[in-house]
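Reading through the structure tokens given below for one structure.
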């Protein structure tokens, strides 16, 4: 693992780069943390995906580059466009797309084979990323934003033509069951749903509960299927 920097339009952020064992051009997985930032579980997840799947894995530190938890989250809280996960004039989403482009420019990255993981605050990014041709394996854990309907504008969700893997809790105030059911309808069979009797924050439980381990294994299998 090495610490690198990704140059974006308005700032340069830190990221953790886990290089595939083959040291060759390989698919890459962009693993976004949630509101709590990068945790030990995030690092362990990247290490396992990198070694077992022979992928490059990049964890962007969204709270670096002159930002902070409060400063970053204010982009969502003060903007109805960001809160509702809209496609246009959405500063956090636009910056995430810049992160994708920065990752694609890295050495050894197969820029046409990317996986993306988002959770809670960053989960909505994954749904928009699923519209990009290079994102072959989008994985979302309980997207808390957008706050209307399915969490994604219908004008966007109707365009998704690839499988999206989703992980959700049966009881979740931030991402209730009805929201997921609406997303299933809008994606017209393209949402592969996995349900758990776990609290919000499933990726934090990957390695200390049986259901958390199952979630990790399902995600890993999805990458194996979708990333060539």
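The values are calculated or read from the model by the stated rules, or taken from the named source; none is laboratory data. Predicted model, so just to flag it, every value in this text is computed and none were measured. Because the Cβ atoms are built from the backbone with ideal geometry, glycine has one as well, and the counts that use them run over all protein chains shown.
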Quiz prompt | Considering residues of segment 74-105 that are farther than 22 Å from residue 155 by Cβ and surrounded by fewer than 16 Cβ atoms within 10 Å (Cβ to Cβ) only, the residue modelled with the lowest pLDDT | solution = 77
Practice problem: Return the residue satisfying two criteria in turn: it lies in segment 35-63 and is assigned to a loop (DSSP other than H, G, I, E, B) and more than 17 Å from residue 122 (Cβ to Cβ), and of such residues it is nearest to the chain's Cα centre (by Cα). | Solution: 55
Exercise. Could you run through segment 155-179 and say how many residues are in contact with a strand residue (DSSP E or B) (Cβ under 9 Å, 6 or more places away or on another chain) and in contact (Cβ under 8 Å) with a residue 24 or more places away in the chain?
Key: 14
Quiz item: Filter segment 206-219 for residues that are touching a residue at least 24 places away in the same chain (Cβ under 8 Å) and surrounded by fewer than 19 Cβ atoms within 10 Å (Cβ to Cβ); which is nearest to residue 34 (Cα to Cα)?
Solution: 207
Quiz item: Within segment 174-205, how many residues turn out to be within 21 Å of residue 43 (Cα to Cα) and loosely packed, with under 15 Cβ neighbours inside 10 Å?
Solution: 1
Quiz item: Condition test on residue 109, is it free of Cβ contacts under 8 Å to residues at least 60 places away in the same chain and over 17 Å from residue 35 (Cα atoms)?
Solution: no
Self-check item: Matching option when the condition is free of Cβ contacts under 8 Å to residues at least 12 places away in the same chain and either surrounded by 16 or more Cβ atoms within 10 Å (Cβ to Cβ) or more than 19 Å from residue 114 (Cβ to Cβ) (or both), among 40, 10, 44
Solution: 40
Quiz item: Which one of these is out of contact with any strand residue (DSSP E or B) (no Cβ under 9 Å at 6 or more places or on another chain) and touching a residue at least 24 places away in the same chain (Cβ under 8 Å): 88, 84?
Solution: 84
Quiz prompt | Residue in segment 19-34 that is surrounded by the fewest Cβ atoms within 10 Å (Cβ to Cβ), counting only those that are in contact with a helix residue (DSSP H, G or I) (Cβ under 8 Å, 6 or more places away or on another chain) and farther than 19 Å from residue 139 by Cα | solution = 21
Exercise. Have a look at 118, 123, 151, 166 and point out the one that is buried (at least 21 other Cβ atoms within 10 Å of the Cβ) and out of contact with any helix residue (DSSP H, G or I) (no Cβ under 9 Å at 6 or more places or on another chain).
Key: 123
Quiz item: Of all residues in segment 112-122 being part of a strand (DSSP E or B) and touching a residue at least 40 places away in the same chain (Cβ under 8 Å), which is farthest from residue 96 (Cα to Cα)?
Solution: 113
Exercise. Take the residues in segment 126-148 that are over 13 Å from residue 93 (Cβ atoms) and at pLDDT below 95, then tell me which one is surrounded by the most Cβ atoms within 10 Å (Cβ to Cβ).
Key: 144
Practice problem: Take segment 47-76 and flag every residue that is under 28 Å from residue 150 (Cβ atoms), out of contact with any helix residue (DSSP H, G or I) (no Cβ under 7 Å at 6 or more places or on another chain) and free of Cβ contacts under 8 Å to residues at least 24 places away in the same chain. | Solution: 72, 74
